[in-house]
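The values are calculated or read from the model by the stated rules, or taken from the named source; none is laboratory data. The model shown is predicted, which means the values in this text are computed figures rather than measured ones. Ideal geometry is used to build each Cβ from the backbone, glycine not excepted, and the neighbour counts take in all protein chains shown. Accessible surface is based on the protein model in full, side chains and every heavy atom, while ligands, DNA and RNA are left aside. Shrake-Rupley method; radii C 1.70, N 1.55, O 1.52, S 1.80 Å.
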Amino acid sequence: MSNFLILSPNANLTEFKKYRIGQIDGAKTPTLKSFYQAIEKALSFPDHFEHNLESLDELLNDLEWIEHPNVALYITQAEGFLAQEKPAKVIELLNLLDATAEDWKWVDDDVQPKNLKIFIEHSSKIVGLLEREEISFDKID
């Protein structure tokens, strides 16, 4: 299964009940600044989060404060997600999320592994960016 799952509006999420889901409303996160605030709240980030990509990368590669082994970021209303940012910034974030989810598959034995997924409500814009960057994704109907 890919790190990114593109969900149809009527997707059945019951198979994902085993995930600790941090939901982000794309309509309320048109900028990176608003996204950082939303993800901080959605995943209960520690106080030392600095609201930048480097700090985001650090915390997503840690997740020690979340006991659940399955963690998902779920972006709803994705057409509005980072709509005020340049495509290059959105691509940078998507690549970071993909790389981080991939890194969790290869952790050392002394680290509690996490299964990190990114669920995105269907968005032609996001699908187009993922395809352009050759980031694999699965579609869930």
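Which of the DSSP-defined H helices in the chain satisfy a minimum axial length of 27 Å, computed from C-alpha atoms, and a minimum mean Kyte-Doolittle hydropathy of 1.6?
On the way: long enough: none.
Result, helices passing both filters: zero.
For the pairs Lys41/Lys86; Lys17/Lys117; Lys33/Lys114; Lys18/Lys117, note any where the Cα-Cα span goes beyond 20 Å.
Lys41/Lys86; Lys33/Lys114
Summing -39500 (n - 2.57) over the DSSP H runs of n ≥ 4 in the chain and dividing by its residue number, what mean residue ellipticity at 222 nm do you reach, to the nearest 500 deg cm²/dmol?
-9500 deg cm²/dmol
With every protein chain left in place, what is the accessible area per residue of the range 49-141 in square angstrom, probe 1.4 Å?
Working: 5040 Å² over 93 residues.
Dividing the accessible area of the range 49-141 by its residue count gives 54 Å².
Where the only charges are on Cβ atoms (+1 Lys, Arg; -1 Asp, Glu), what is the dipole of the range 59-115 about its Cα centre, to the nearest 20 debye? Don't jump to the answer; show the numbers that get you there.
On the way: 4 positive and 12 negative charges, 74 e Å.
Roughly 360 debye, rounded to the nearest 20.
Of the accessible area of the chain, with the probe set at 1.4 angstrom, what percent is carbon plus sulfur?
46
Expressed in whole Å with the largest first, what are the equivalent ellipsoid semi-axes of the range 89-141 derived from the C-alpha gyration tensor as the square root of 5 times each eigenvalue?
Working through the eigenvalues yields semi-axes of 24, 13, 8 Å.
Per-residue accessible area for Asp138 at 1.4 Å probe radius, Å² rounded to 10?
My reading of the accessible area for Asp138 is about 50 Å².
Computed over the Cα atoms of the chain, what is the ratio Rg over Rh, Rh following Kirkwood?
On the way: Rg = 14.1 Å, Rh = 15.2 Å.
Across the chain, the Cα-based Rg/Rh ratio is 0.93.
Considering amide H positions built from the backbone, and no H for Pro or chain starts, which residues 5 or more places from Leu82, or on another chain, come under 5 Å of its amide H?
Counting only residues 5 or more places away or on other chains, the set is Thr29, Thr31.
Please give the peptides 11-19, 70-78 ranked by average Cβ packing (other Cβ atoms within 10 Å per residue), highest first, as a rough proxy for protection.
70-78, 11-19
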